[in-house]
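Input: a single structure, listed below in structure tokens.
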Amino acid sequence: MNNYKAIIQGLVFVSGDEGVTVEQLVEIVDIEQADVVNFLTQIQNDFSDDSNGVQLVNYANIYKFVSKAICFEYVQKLFQVVKTNDLSQSALETLAIVAYKQPITRVEIEEIRGVGCDMMLRKLAMKNMIREQGRSDAPGRPILYEVTSDFLDSFKLISLDELPNLPNFSEEFDGDELFE
């Protein structure tokens with residue numbers, strides 16, 4: 001199988017902002033470390049010219065794709081949002097989860113919502129509704145998110161204590177009760 005380069009490129013891509021280490025790639029792809037490093041170097045070279053808007057970077061031994069500086073102005077326009085109270089249903093769901101469960105990781109939010117939320121987190125961060133609060137002690141040290149004072153201002157809250165209480169659902173819920 002000589003598709004290792006494509007496989008490694010795909011793995012780095014799907015790792016998103018978290019990125020992936022050489023050691024993880026060696027374990028997943030099951031080839032020599034020198035070969036993985038060689039393929040990563042080839043991928044970096046493939047994306048180095050100005051015909052590509054992304055590049056493969058290595059920060060603190062973590063490889064990930066990032067947009068190039070030439071895209072900065074356009075990325076800002078993409079995420080630039082006029083300050084309004086118009087938030088999509090998925091934005092509201094994500095905000096509610098962060099507000100009630102903060103600090104919380106992207107994976108925990110996705111487990112609750114049942115869908116990916118990477119782009120939504122970026123959009124909410126660009127709107128200054130959420131921010132990174134640090135890193136979890138969990139494996140991989142994922143980013144923790146919390147709401148901002150702009151969130152409180154948008155919803156006219158003095159503190160998170162003003163959020164409505166969530167209903168308590170019994171652990172012994174019997175689905176038959178729905179059909180009575």
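Readers should treat all values here as calculations from the given coordinates under stated rules, not as data from a laboratory. For clarity, every value in this text was computed on a predicted model and none was experimentally measured. In this analysis, Cβ positions are derived from the backbone assuming ideal geometry, glycine residues included, and neighbour counts consider all displayed protein chains.
Placing +1 at every Lys and Arg Cβ and -1 at every Asp and Glu Cβ, with all other atoms neutral, what dipole size does the range 4-70 have around its Cα centre, in debye to the nearest 20?
200 debye
What number does the range 81-162 give for Rg over Rh if you use C-alpha atoms and the Kirkwood radius?
0.95
What list do you get for Met119, Met129 if you sort them by fewest beta carbons within 10 Å?
Sorted ascending by nearby Cβ count, the order is Met119, Met129.
Using the basic label-point model (7 angstrom from Cα toward the beta carbon), what is the Leu78 to Leu163 distance in nanometres?
Result for the modelled spin labels: 2.9 nm.
Quick one: order Val14, Val66 by neighbouring beta-carbon count within 10 Å, fewest to most.
The most exposed by this proxy come first: Val14, Val66.
With bins 5 Å wide starting at 0, give me the P(r) of the range 4-70 over every alpha carbon pair, in whole percents.
Reading the bins upward from 0: 3, 19, 33, 26, 13, 5, 1, 0.
Roughly how large, in nm² to one decimal, is the mean projection of the convex hull of the alpha-carbon atoms in the chain?
15.6 nm²
Running Debye on the range 39-127 with equal point scatterers at the Cα sites and no solvent, what base-10 log of I(q)/I(0) appears at q = 0.14 Å⁻¹?
Log10 I(q)/I(0), no solvent term: -0.70.
Counting other Cβ atoms within 10 Å of each Cβ, which trypsin sites (Lys or Arg not before Pro) in the range 59-132 have at most 12 and sit in a DSSP loop?
Answer by residue number: Lys83.
Tell me the label-point distance for the pair Lys68, Leu11, using the 7 Å Cα-to-Cβ offset, in nm and rounded to one decimal.
Those two pseudo-labels are separated by 2.6 nm.
Please tell me which of these pairs span more than 23 angstrom C-alpha to C-alpha: Lys5/Lys77; Lys123/Lys156; Lys5/Lys123; Lys77/Lys123?
Lys5/Lys77; Lys5/Lys123
Pull out the extension gain between Met126 and Ala60, defined as 0.36 nm times the separation in residues minus the alpha carbon to alpha carbon distance; nm, one decimal.
21.3 nm
So if I place +1 on the C-beta of Lys and Arg and -1 on the C-beta of Asp and Glu, and nothing else carries charge, what would the dipole magnitude of the range 81-162 be about its Cα centre? I want it in debye, nearest 20.
I would put it at about 260 debye.
Give, in nm to one decimal, the length gained when the segment between Tyr4 and Asp49 is fully stretched (0.36 nm per residue of separation minus the Cα-Cα distance).
14.0 nm
Fewest first, what order do Phe13, Phe39, Phe47 take by the number of other Cβ atoms within 10 Å?
If I rank by nearby Cβ atoms, fewest first, I get Phe13, Phe47, Phe39.
Measuring from a point 7 Å past the Cα of Asp150 along Cα-to-C-beta, which residues in the range 49-78 have an amide N at less than 18 Å?
Flagged as within label range: 73-78.
Would you give the gap between the C-alpha center of the range 1-42 and the C-alpha center of the range 140-170, rounded to a whole Å?
The distance from the Cα centre of the range 1-42 to that of the range 140-170 comes to 38 Å.
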